[in-house]
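The values are calculated or read from the model by the stated rules, or taken from the named source; none is laboratory data. As the structure is a prediction and not an experimental result, all values here were calculated from the model. FYI the Cβ positions are ideal-geometry reconstructions off the backbone, even for glycines, and counts take in every protein chain you see. Accessible surface is based on the protein model in full, side chains and every heavy atom, while ligands, DNA and RNA are left aside. Shrake-Rupley method; radii C 1.70, N 1.55, O 1.52, S 1.80 Å.
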Amino acid sequence: MIASLPHQAAPPDEPQRLPETPGHKARRRALTLLIIVLLIGVPAGYLVISAAQSRDSGKDKESKYSATGLTEGWPSKVQRRLYQVPVPHPADRVAYYETNNWKTSRLYVQFRTNSAGLDGFLAGMGVNRDDLKKNDISISTRDQKITGWRFTGHGAWSGLTHTQKNPAPTQDVVVNTADPNYPMIYVVSRTVP
């Protein structure tokens, strides 16, 4: 037989508790449920949103780095600064492609600008129009194959190679001035890491 244990008496200075009413019990349970939902639901929702953003970011980076030719759009400011390719404003038909390996990194950029934009671009590189040599295709056949550029046929072609001491990049530039008001510019900037 199991003996019943005596209950400890409440301290004399503590007021007596009233029995819990059904309404109070329902409010307490609702508050407990709300706290549990907030403690579990909010972090779980954050994880779902974060995972979706991370997956989308990975897809964007994958498409950017798996590109095998010119991509329409502007190179980033960091790329333009690192490779010293000052694409002027206004410019359109802008496209670029970057390659990196242990030996040499290259940034290929093409764009069309106006006459003042061409002067600004050349000045930003530290050269001017007088440095351009008529009928000089300074971009190598190898680089032309990578980008799909063809400097043949109709065009008033001129070019230059702007050589600088490492680690500053060396730029090969070809300019098509068939339309002197809107020259098309092709640049290959290479640097040795």
Subject >> The lone exception for Ala95 - which of (1) surrounded by fewer than 16 Cβ atoms within 10 Å (Cβ to Cβ); (2) in a strand (DSSP E or B); (3) of a type in the set (A, V, I, L, M) it fails >> reply: (1)
Original post:
Any residue at all in region 114-132 that is modelled with pLDDT of 90 or more and assigned to a strand (DSSP E or B)?
Top reply: no
**OP:** State which residue is least open to solvent (accessible area, probe 1.4 Å) when the search covers only region 166-177 and only residues that are under 14 Å from Met125 (Cα atoms) and assigned to a loop (DSSP other than H, G, I, E, B).
**Re:** Pro169
**OP:** Identify all residues within region 84-142 that are of a type in the set (Lys, Arg) and in contact with a strand residue (DSSP E or B) (Cβ under 9 Å, 6 or more places away or on another chain); write none if there are none.
**Re:** Arg93, Arg106, Arg112, Arg129, Lys133, Lys134
Original post:
What do you reckon, is Gly69 open to solvent by less than 60 Å² (accessible area, probe 1.4 Å) and modelled with pLDDT under 90?
Top reply: yes
**OP:** Of the conditions (1) of a type in the set (D, E, K, R); (2) part of a loop (DSSP other than H, G, I, E, B); (3) in contact (Cβ under 8 Å) with a residue 12 or more places away in the chain, Asp143 clears all except one; give me its number.
**Re:** (2)
Original post:
List pairs: first in region 25-38 and assigned to a helix (DSSP H, G or I) and among the polar types (S, T, N, Q), second at pLDDT 90 or above and exposed (fewer than 10 other Cβ atoms within 10 Å of the Cβ), Cβ under 9 Å, 6+ apart or cross-chain?
Top reply: none
**OP:** Would you mind telling me which numbered condition in (1) more than 13 Å from Val187 (Cα to Cα); (2) assigned to a loop (DSSP other than H, G, I, E, B) Ser138 fails?
**Re:** (1)
**OP:** Scan (1) surrounded by fewer than 17 Cβ atoms within 10 Å (Cβ to Cβ); (2) more than 22 Å from Tyr182 (Cβ to Cβ) for the single condition Asp119 breaks and write down its number.
**Re:** (2)
Original post:
What about Asp131, is it open to solvent by 40 Å² or more (accessible area, probe 1.4 Å) and touching a residue at least 24 places away in the same chain (Cβ under 8 Å)?
Top reply: yes
**OP:** Considering only region 101-128, state which residues are touching a residue at least 24 places away in the same chain (Cβ under 8 Å) and under 20 Å from the mean Cα position of the chain (by Cα).
**Re:** Ser105, Arg106, Leu107, Tyr108, Val109, Gln110, Phe111
Original post:
Of (1) surrounded by fewer than 20 Cβ atoms within 10 Å (Cβ to Cβ); (2) farther than 17 Å from Gly69 by Cα, Pro183 satisfies all except one. Which?
Top reply: (1)
